[in-house]
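Here's the structure, in structure tokens; my notes come after.
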Amino acid sequence: MRLLHTSDWHLGRSFHRESLHDAQRAFLDHLVDVVRAERVDAVLVAGDVYDRALPGLDAVALFDDVLHRLAGLGVPTVFISGNHDSARRLGVGAGLIGRAGIHLRTDPGECAAPVLLADEHGPVAVYGLPYLEPTLVRERFGLERGGHAAVLGAAMDLVRADLAAHPAGTRAVVLAHAFVTGGTASDSERDIAVGGVASVPASVFDGVHYAALGHLHGCQTLAPHLRYSGSPLAYSFSEVDQRKTMWLVDLAADGSVAAERVDCPRPRPLATLRDSLDALLTKDEYAPYEQAWVQATLTDAARPSEPMEKLRRRFPHTLQLLFDPEESEAEPSRSYAARVSGRADLEIAEGFLRHVRPGAEPEPDELGWLRAGFESVRETTDRKADLPR
């Protein structure tokens, strides 16, 4: 059975205020073309279909259009909701849409209800595990405590129990949206650490033949049966060196996997340039980046006059301007945004406590209060996102 694994579309997202609507449309056109040309048997979309819980009308229109085209090809497609999606909104009409072969798995209660497919070698059970926020789903899985590893482990126990009831030789595929230990993150993923330890061990997915993972934006292989497709487009300059692809996966009769990467269209190359303003404006070595989306870090000792305007004369698509003077001490010269880049919310709060009380580490009770506060905010935010309006 040939599967196309993709994830993290983030429909509606922009890139440093630059609209990606046309680029996302081009990707979806490409996806449909690949499904047709490669004779794909099923499409797997591992979460973060939208970039926010309340997507704009343009993003919804893109999603609606690709659903119609995939249904028109007669290719079964399985979607799960990610941590950016509103599970209830994405799942509206799931029962009706499922009749067209488009399966929306957004309800944690349906983790052990597979989409059943088949090829000449027998049945394939496809289980969709939506993003599982620990504070919202613990009770459903009979847990009093525990973070992402606990809730995802409980969901996978249900998957394995259901799989055991199917005929011998049934191959199992799982879609999940999580941070699996060993994966490499980018700056553009939303932190999911609050509510428990962020990462889950790869062993959680023991017993299945292929796990189609979403959440991390870089394509990566953790094991032959355990892969992230990554996002189809770059959503931060930390992804400058990433090759954006989907996985074309061939699932053999014995459950073994062969996979190859299918490149996604790139709307514009990314470039992270670092030099003095004069050097960036005059050196020939920067000529290849004149039509790229540019992040420029200026190393001038004194901040130049009108640097963005001058940069855009040569690099019209300059989107981000940073300053890091070479002659000053590194830490004071770095902006607050640069110093906290890549840190989880809880780490930033702990750092603030250390900053206002030099030499004193946060007390265990204080860390507990901070963690509980962030967890409460996240739980409230997620519940509000799913309230009817």
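The values are calculated or read from the model by the stated rules, or taken from the named source; none is laboratory data. As the structure is a computational prediction, the values presented were derived from the model and not from experiment. Backbone-built Cβ (ideal geometry, glycine too); neighbour counts: all protein chains shown. Protein only, heavy atoms only, side chains kept; ligands, DNA and RNA dropped before computing areas. Shrake-Rupley method; radii C 1.70, N 1.55, O 1.52, S 1.80 Å.
Quick look at the values:
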| quantity | calculated |
| --- | --- |
| Whole-Å distance, taken between Cα centres, linking the stretch 4-42 and the stretch 240-271 | 13 Å |
| Order by protection proxy (mean Cβ within 10 Å, highest first), peptides 167-173, 181-187, 127-133 | 127-133, 167-173, 181-187 |
| Those GluC sites (Glu not before Pro) in the stretch 233-305 that DSSP places in a loop and that have at most 12 other beta carbons within 10 Å | E290 |
| Residue-averaged 222 nm ellipticity for the chain, from DSSP H runs of 4+ at -39500 (n - 2.57), nearest 500 | -9000 deg cm²/dmol |
| Listed residues K283, K310, K244 arranged by accessible area, highest first, probe 1.4 Å | K283, K310, K244 |
| Contour excess over end-to-end distance, with Cα ends at E326 and R160 and 0.36 nm allotted per residue | 54.1 nm |
| Potential extension, D241-D278 segment - 0.36 nm per residue separation minus Cα distance | 10.8 nm |
| Top of W293, W247, W369 by mean-square fluctuation, Gaussian network on the chain, Cα under 10 Å | W369 |
| Nearest 10 degrees, 0 to 90: helix 21-37 Cα axis against the chain principal axis | 40 degrees |
